[in-house]
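Colleague: Take a look at the following structure, please.
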Amino acid sequence: MSLLKKAVFFSIVMVTLGACGTGENSGASEGPGEKLSVVATTGQVRDVAEHIGGDQADVQAMMGPGVDPHLYEPTQQDVVSLAEADLNLYNGLNLEGNMGEVFENVENETPSYAVTENIPEDMLISGGEDYPHDPHVWFDPDRWAYAVEAVKDAFIEVDEANREEYEKRAQQYLNNLEELDAYAQENIRKIPEESRVIVTAHDAFSYFGDAYGMEVEGLQGISTDAEFGVGDVNNIVDLMVERSIGALFVESSVSEQAVNSVVEGAKERGQQVEIGGELYSDAMGEAGTEEGTYEGMFRHNIDTMASSLQ
Ligand SMILES: [Zn+2]
């Protein structure tokens, strides 16, 4: 965000807070029966926060279905919500590329935590130039378990009185992650070894690939703000023709254009490539649907890969 825009945002926050005569937005001031107001950036973070916060929390996600976190620009209302909340939770590792400064500034008003901050360095994959570490950690349940712990700790930090509840619910979430991991292992094994390749628009699946022995090829690199070039398309076409890979995937938060160029390119070289379906990468599905939950979107991805890559 430019300095000017930043200045405008924060003067708005200050005016709003001043006008409400608040400042009493810390968790400690919650009366009995009052819910903590929690803002999460992505759907994946919201899902963890909702489960762990349970009845004690009212959780809002800033980014809905189909929204790309790499490019997301916070609105004025977002900045106000962050400043007024009792707790803010974000992915971190630069996933929310335009929001780093917003969180730094809002930290004085509201405790704000990057849920990935405790993942050991040696479990992180390099993300190239713009991303010292690939931020898409939610696709490996083992790594995402660190985010669950971080969310639990954050809730306890702002609401010590309900520690036991948060600990109990975090443990349930960790148990669910283990089941999900077993489901993934079992179904990926059904894909013939030579076909265990995920070709997508952007590199969101490196942790997934690492966890389940899948090769990962993205057209756009880690962020969606990098333009794909003819060279990238040709490289992927080469790979698909050489390896006889019959399917690639579109993502709910990324334009289909790059993927369609590969289908066309392969066709020109006599290789039939199908679009194997839509994978959820950075955004989840509609609220109220299976795919609107972390577990649902994860299972959808596994099922889509297992049925297309045969
Ligand atoms: Zn991404």
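The values are calculated or read from the model by the stated rules, or taken from the named source; none is laboratory data. Keep in mind that this is a model prediction, so the values were computed, not measured. Note that we place each Cβ from the backbone using ideal geometry, even for glycine, and neighbour counts take in every protein chain shown. Note: areas computed on protein heavy atoms with side chains; ligands, DNA, RNA excluded. Shrake-Rupley method; radii C 1.70, N 1.55, O 1.52, S 1.80 Å.
Colleague: So, GLU96, is that one more than 28 Å from LEU177 (Cα to Cα), within 16 Å of the ligand (Cβ to nearest atom) and of a type in the set (Asp, Glu) or not?
Modeller: No, not satisfied.
Colleague: I'd like to know if the range 214-223 contains one or more residues that are modelled with pLDDT of 90 or more, open to solvent by less than 30 Å² (accessible area, probe 1.4 Å) and out of contact with any Phe, Trp or Tyr (no Cβ under 6 Å at 6 or more places or on another chain).
Modeller: Yes, the range 214-223 contains a residue that is modelled with pLDDT of 90 or more, open to solvent by less than 30 Å² (accessible area, probe 1.4 Å) and out of contact with any Phe, Trp or Tyr (no Cβ under 6 Å at 6 or more places or on another chain).
Colleague: Another question about this same structure. Going through VAL250, VAL230, VAL254 one at a time, which residue ends up being aliphatic (A, V, I, L, M) and modelled with pLDDT of 85 or more?
Modeller: Just a single option satisfies the conditions, and that option is VAL250.
Colleague: Still on this structure, please answer the following. If you check ALA266, ALA258, which single one turns out to be within 24 Å of GLU193 (Cα to Cα), of a type outside the set (Val, Ile, Thr) and part of a helix (DSSP H, G or I)?
Modeller: ALA266
Colleague: Suppose the filter is at pLDDT below 95, surrounded by fewer than 22 Cβ atoms within 10 Å (Cβ to Cβ) and part of a helix (DSSP H, G or I); does ASN175 pass it?
Modeller: Here the answer is no, as ASN175 does not meet what is asked.
Colleague: From (1) under 20 Å from ALA49 (Cβ atoms); (2) surrounded by 19 or more Cβ atoms within 10 Å (Cβ to Cβ); (3) touching a helix residue (DSSP H, G or I) at 6+ places or on another chain (Cβ under 8 Å), pick out the condition that doesn't hold for GLU84.
Modeller: Here GLU84 clears every test but (2).
Colleague: Of the conditions (1) within 16 Å of the ligand (Cβ to nearest atom); (2) within 11 Å of THR200 (Cα to Cα), VAL262 clears all except one; give me its number.
Modeller: (1)
Colleague: Let me ask you something else. So ALA204 ticks every box in (1) within 16 Å of the ligand (Cβ to nearest atom); (2) closer than 30 Å to ASP238 by Cβ; (3) assigned to a helix (DSSP H, G or I) but one. Which box is left unticked?
Modeller: Of (1) within 16 Å of the ligand (Cβ to nearest atom); (2) closer than 30 Å to ASP238 by Cβ; (3) assigned to a helix (DSSP H, G or I), only one is false for ALA204: (3).
Colleague: Moving on. ILE236: part of a loop (DSSP other than H, G, I, E, B) and more than 16 Å from the ligand (Cβ to nearest atom), yes or no?
Modeller: Here the answer is no, as ILE236 does not meet what is asked.
Colleague: Something else now. Within the range 276-300, work out how many residues are touching a Gly at 6+ places or on another chain (Cβ under 9 Å), within 16 Å of the ligand (Cβ to nearest atom) and assigned to a helix (DSSP H, G or I).
Modeller: Total meeting the criteria: 2.
Colleague: What residue, of ASN118, ASN105, ASN91, is out of contact with any strand residue (DSSP E or B) (no Cβ under 6 Å at 6 or more places or on another chain), of a type in the set (S, T, N, Q) and under 18 Å from GLU50 (Cβ atoms)?
Modeller: Every option except ASN91 fails the conditions.
Colleague: Six or more apart or on different chains, Cβ atoms under 8 Å: show the pairs whose first residue is in the range 252-271 and open to solvent by 70 Å² or more (accessible area, probe 1.4 Å) and whose second is assigned to a loop (DSSP other than H, G, I, E, B) and away from the ligand (no atom under 16 Å from the Cβ).
Modeller: LYS267/VAL273
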